[in-house]
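Below you'll find the structure, written out as structure tokens, and then a few comments.
The values are calculated or read from the model by the stated rules, or taken from the named source; none is laboratory data. Treat the numbers as computed from the prediction; the structure is a model and nothing was measured. In this analysis, Cβ positions are derived from the backbone assuming ideal geometry, glycine residues included, and neighbour counts consider all displayed protein chains. Calculation scope for accessible area: heavy atoms of the full protein, side chains included, ligands and nucleic acids excluded. Shrake-Rupley method; radii C 1.70, N 1.55, O 1.52, S 1.80 Å.
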Amino acid sequence: MLRCGRLLRPLTFGPRQFIRTAHTDSNLSPVLLTRARLLAVEHTDLSDRLAESFDATLAKRSGELALVTNALKEWDAANESIVELNALLEDKETDEELRSLAKEDLNSTTDTLPSISDRLKKSLIPRHPFADLPCLVEIRPGAGGDEAGLFAYEMLRMYIAFCARLGLRTTILKHDVDDTSSDDRLSEGVIEIEAEGGYDLLRTESGVHRVQRVPATETKGRTHTSAVSVMVLPSFPESASGMDNALNFEDPNSDYYIDPQEVRVDRMRASGPGGQHVNKTESAIRLTHIPSGTVVAMQDERSQQANRRKAWQILRAKIAEARQEAREQELIELRRGALGGVARMGRGDKIRTYNFGQNRCTDHRSGVTVHNLDDVLSGGDTLETVMESVRTWMADREVEAMVAQDLAKDQKKNKK
């Protein structure tokens, strides 16, 4: 049926003709469309099975596939309208009033088709396993000495302000400064964003952030370049009860389980500023995951138990992120031949530049540049604009990889 309320007329085209016309949409490849239709069939099958008996795992999968099914229905409806409207315009018996209405409808539907195609493409991207979890944001100064420490502190405030603007609760888990520096020269900071979906919101920030500006200590007005490393980690709850089985860190069969026997625990006296308890009680904790060599030290709290709890939270997050990155790297290696080289920017790559002299912030993944650095550093809408551009870039890269992978499979199958 036509989508316009004034042009209701049953379709007279067979399935073959419709599919052939639908494939002319340059925004959606036949490979992705085939994938979407297969997933829609799976969704129907799951819905039938859930109608007979409920299963939490199947229900979760069905909910994920519902996004694909709904987007595909919208895409099909738009293409059906285009097919019928073109038929009306080609029909010499169509009167002028109906022809005028058909042209309006055709232009409107054609204009919306690219956005519908984009929604369908994004619905096909597998959801990140940590997407629904809260997150930890770890900030460390890199090259640049005191200037890097100063900017690391500014970035800590930037993310706290960004979350406050969105109504997300944050907690500073770790705030270490150099013994010889003031509180605004950070040596390491970790904040927790205590909101479901925090990881998905902020995972665009992992990588090296470069700052170019004239430091306060510079007497000749020269611009210095410094760097700050940001790592976004999943934050698991203290108890794994009720968690997805795949993320159950207490289950030895889970990918994210850490054997306590593989973790060395060292108790130390706290150092640095902090009151009378410093250097008098062994409240500081250092955890070392022996297989990976990952080390987490915590002394921010007066209580050894509190420091131990925070240290385990950060260690668990780091190990989980490292294991997930290893899986993603395996997938990249599988896709490398199909794509002829896969670009993936990670924690060691320069992802963004903050240039104070030009009032500029440039993201090197999406290529977006904004000229409102004050708003970026205060966690405003401009920062969100940059982050959204990266999400779009990530989605486009994932879609390209899926298409290349599916095409390679088809070619391999045809050769056989």
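How large is the convex hull of the C-alpha atoms of the stretch 127-238 per residue, in Å³?
Cα convex hull per residue, to the nearest whole number: 102 Å³.
Probe 1.4 Å, all protein chains in place: accessible area of GLU400 in Å², nearest 10?
The accessible area comes out at roughly 90 Å².
Give me the net charge for the shell around HIS364: Cβ to Cβ below 10 angstrom, other residues only, Lys and Arg +1, Asp and Glu -1.
+2
If ARG267, ARG316, ARG352 are ordered by their accessible area, calculated over protein heavy atoms with a 1.4 Å probe, which sequence runs from highest to lowest?
Most to least solvent-accessible, the answer reads ARG267, ARG316, ARG352.
In nanometres, what is the gap between the two model label sites at GLU384 and SER292, each 7 Å from Cα along Cα-to-Cβ?
It is 3.3 nm.
With a cut-off of at most 13 other beta carbons within 10 Å, and DSSP calling the residue loop, which trypsin sites (Lys or Arg not before Pro) in the stretch 85-115 qualify? Please list them.
Sparse-neighbourhood loop trypsin sites (Lys or Arg not before Pro): LYS92.
So for the pair ALA395, ALA87, with labels modelled 7 Å out along Cα→Cβ, what separation do we get in nm?
Those two pseudo-labels are separated by 3.2 nm.
Could you order SER187, SER62 so the one with the most accessible surface comes first? Probe is 1.4 Å. Present the calculation step by step, with values, prior to reporting the outcome.
Numbers: SER187 35, SER62 15 Å².
Order by accessible area, largest first: SER187, SER62.
Starting from the Cα of LYS310, draw a straight line to each of the aspartates and glutamates and keep only those under 15 Å, dropping any in the same chain fewer than 8 residues away.
Excluding near neighbours in sequence, the set is GLU138, ASP176, GLU188, GLU192, GLU194, GLU238, ASP266, ASP300, GLU301.
Quick one: which residues, 5+ away or cross-chain, put their amide H under 5 Å from the amide H of HIS364? H built at 1.01 Å from N.
Under 5 Å from the amide H of HIS364: ARG352, THR353.
Computed FRET efficiency, Cβ-Cβ of ARG165 and HIS128, R0 22 Å: what is it to the nearest 0.05?
0.40
Set the Förster radius R0 to 45 Å, insert the Cβ-Cβ distance between ARG323 and ASP111 as r into 1/(1 + (r/R0)^6), and round the FRET efficiency to 0.05.
On the way: r = 44 Å, r/R0 = 0.99.
For ARG323 and ASP111, the calculated efficiency is 0.50.
Need one number: nm distance between label points at LYS73 and ARG302, each 7 Å from Cα along Cα→Cβ, rounded to one decimal.
Taking the two extended label points, one gets 5.9 nm.
Sort TYR153, TYR354 by heavy-atom solvent-accessible area, probe 1.4 angstrom, most to least.
Most to least solvent-accessible, the answer reads TYR153, TYR354.
Give the aspartates and glutamates reachable from LYS103 as a straight Cα distance under 14 Å; neighbours fewer than 8 places away on the same chain don't count.
GLU84, GLU90, ASP91, ASP95, ASP111
Around ALA66, what is the net charge, scoring Lys/Arg as +1 and Asp/Glu as -1 over all other residues with Cβ under 12 Å from its Cβ?
+1
For a 28 Å ceiling on Cα separation, which of these pairs sit above it: LYS350/LYS409; LYS60/LYS415; LYS121/LYS174; LYS60/LYS122?
LYS350/LYS409; LYS60/LYS415; LYS121/LYS174
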